[in-house]
1. Only one of these conditions is not met by Leu79: (1) assigned to a loop (DSSP other than H, G, I, E, B); (2) touching a residue at least 24 places away in the same chain (Cβ under 8 Å); (3) closer than 23 Å to Val115 by Cβ. Which number is it?
2. Can you name the residue in the stretch 82-98 that is open to solvent by 10 Å² or more (accessible area, probe 1.4 Å) and part of a loop (DSSP other than H, G, I, E, B) and is also modelled with the lowest pLDDT among such residues?
3. Tell me which residues, restricted to the stretch 99-117, are buried (at least 17 other Cβ atoms within 10 Å of the Cβ) and of a type outside the set (D, E, K, R).
4. Among the residues of the stretch 62-76, write down those that are modelled with pLDDT under 95, open to solvent by 30 Å² or more (accessible area, probe 1.4 Å) and not small (Gly, Ala, Ser).
5. In the stretch 24-40, what residues are in a strand (DSSP E or B), open to solvent by less than 50 Å² (accessible area, probe 1.4 Å) and within 10 Å of Val2 (Cα to Cα)?
6. As an exercise: evaluate Leu11 against (1) touching a strand residue (DSSP E or B) at 6+ places or on another chain (Cβ under 9 Å); (2) part of a loop (DSSP other than H, G, I, E, B) and give the number of the one condition it does not meet.
7. Looking only at the stretch 41-57, which residues are part of a strand (DSSP E or B) and open to solvent by less than 50 Å² (accessible area, probe 1.4 Å)?
8. What is the residue count in the stretch 3-23 for residues that are open to solvent by less than 30 Å² (accessible area, probe 1.4 Å) and either closer than 16 Å to Gly103 by Cβ or of a type in the set (Val, Ile, Thr) (or both)?
Amino acid sequence: QVQLVESGGGLVQPGGSLRLSCAASGTLSIYAMGWYRQAPGKQRELVATMTSGGSTNYAEFVKGRFTISSNNAKNTVYLQMNSLKPEDTAVYYCTDRLSVLLGFGDWGQGTQVTVSS
């Protein structure tokens, strides 16, 4: 069974930066990994995804501020978040897609990101 473990969340002031990490275990290969987030009272929404081939997809509201990257050898994905805004406050979840035939199916426990002065 695949396990995803996130780290790197915390409290940061508006305009600040954070870097999230997610390590996957229990699988030999992953087609894609990504990040979603869920704010209180809102639905979970896509933030960014990245395939093992390097193709990326970003939500419009993070383009130019967030960067997704990965270390395929370690089955690890990162999310560098810059110019953070209070509306970025949410629980950020790591997810994976084991095959091009499958959707995002495994989820981490989530890491809280709070942007506040």
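1. (1)
2. Leu98
3. Phe104, Gly108, Gly110, Thr111, Val113, Val115
4. Residues satisfying the conditions are Lys63, Asn71, Asn72, Lys74.
5. Once the filter is applied, which keeps residues that are in a strand (DSSP E or B), open to solvent by less than 50 Å² (accessible area, probe 1.4 Å) and within 10 Å of Val2 (Cα to Cα), the stretch 24-40 yields only Ala24.
6. Single failed check for Leu11: (2).
7. Scanning the stretch 41-57 gives Leu46, Val47, Ala48, Thr49, Met50, Thr51.
8. So the count comes out to 2.
The values are calculated or read from the model by the stated rules, or taken from the named source; none is laboratory data. What you are looking at is a predicted structure, and each value in this text was computed from that prediction instead of being measured. Cβ atoms come from the backbone with ideal geometry, glycine included; neighbour counts cover every protein chain shown. These accessible areas exclude ligands, DNA and RNA; they are computed on the full protein's heavy atoms, side chains included. Shrake-Rupley method; radii C 1.70, N 1.55, O 1.52, S 1.80 Å.
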